[in-house]
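Peer 1: There's a structure below that I have some questions on.
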């Protein structure tokens, strides 16, 4: 049976993506809070605990890229989970 791990912690979710875990999905509440979903594999909890204990490392470049991609997900979707085309300011 496939179980799901969810977190609202943006930086943890980015760390998990940078560590090789697949982001299965996300939801946004009407208040704008994003919840990230991952498949709960055996080693996922080890990475979550290691993240909070500050005992794991990840490539800075991979983490930076994960942060950028996760921010894009948050900025470019509405509360229905639909893509919203970014608008340019000043044009």
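We did not get these values from a lab; they are worked out from the coordinates using the rules stated. Everything quoted here is computed from the prediction, not taken from an experiment. Positions of Cβ are backbone-derived with ideal geometry, glycine not excepted, and every protein chain shown enters the neighbour counts.
Peer 1: Taking a ≥ b ≥ c as the square roots of the Cα gyration tensor eigenvalues, with a/c under 1.5 meaning rounded and otherwise prolate when a/b beats b/c, else oblate, which class fits region 23-71? All intermediate terms of the calculation are to be shown ahead of the outcome.
Peer 2: Details: a/c = 2.06, a/b = 1.36, b/c = 1.52.
In terms of gyration-tensor shape, oblate.
Peer 1: Could you give the nm distance between label points at residue 42 and residue 8, where each point is 7 Å from its Cα heading toward the beta carbon?
Peer 2: Calculated label separation equals 3.2 nm.
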